[in-house]
Amino acid sequence: MELVVKYFHEKTDQDYETYNKLWNENKERFIFLDTDLSTKQQMNNIINNLDLDDNKDILAIRFPLLNTINRNKIINGILLGNGIRHKNNKIWYPKEIWIYSPS
């Protein structure tokens, strides 16, 4: 399994415009991970999104703290090659993880 992790760090207005355009062009591929929720709630949100549309292939995270990324069980599980089990025992492996952080 190959996983691409993209980290978008905005430093200028041009960065904002470039990243915003790229995110908008790919938004139908995203499942957003809300790191303010409990792990169970995060998993439920991912599974619910997959049940609605299993063509999603990017796990997107906006405005996370570095500490949050390092400690998130879902992110760490995916980085270790564990997918997310959802309907009919299918396992979802995102192709990419996109992390956006403003300056």
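The values are calculated or read from the model by the stated rules, or taken from the named source; none is laboratory data. What you are looking at is a predicted structure, and each value in this text was computed from that prediction instead of being measured. Glycine also receives a Cβ, built like all others from the backbone with ideal geometry; neighbour counts cover every protein chain displayed.
From the list 81, 77, the lone residue that is in a loop (DSSP other than H, G, I, E, B) and small (Gly, Ala, Ser) is 81.
Given the criteria at pLDDT below 95, more than 14 Å from residue 57 (Cα to Cα), β-branched (Val, Ile, Thr) and surrounded by 14 or more Cβ atoms within 10 Å (Cβ to Cβ), does residue 35 qualify? It is true that residue 35 is at pLDDT below 95, more than 14 Å from residue 57 (Cα to Cα), β-branched (Val, Ile, Thr) and surrounded by 14 or more Cβ atoms within 10 Å (Cβ to Cβ).
On the stretch given as the stretch 16-51, residues that are over 20 Å from residue 92 (Cβ atoms) and polar (S, T, N, Q) total 3.
Pairs are defined by a Cβ separation below 9 Å, a sequence spacing of at least 6 or placement on different chains, a first member in the stretch 87-103 that is of a type in the set (D, E, K, R), and a second member that is in a strand (DSSP E or B) and modelled with pLDDT of 85 or more; the pairs so defined are 95/4; 95/58; 96/4; 96/5; 96/6; 96/58; 96/59; 96/60.
Residues that are buried (at least 16 other Cβ atoms within 10 Å of the Cβ), more than 21 Å from residue 10 (Cβ to Cβ), within 11 Å of the chain's Cα centre (by Cα) and among the aliphatic types (A, V, I, L, M) do occur in the stretch 42-65, at least one of them.
Inside the stretch 38-67, can you point out the residues that are part of a loop (DSSP other than H, G, I, E, B) and either touching a helix residue (DSSP H, G or I) at 6+ places or on another chain (Cβ under 7 Å) or touching a residue at least 60 places away in the same chain (Cβ under 8 Å) (or both)? Result: 56, 57.
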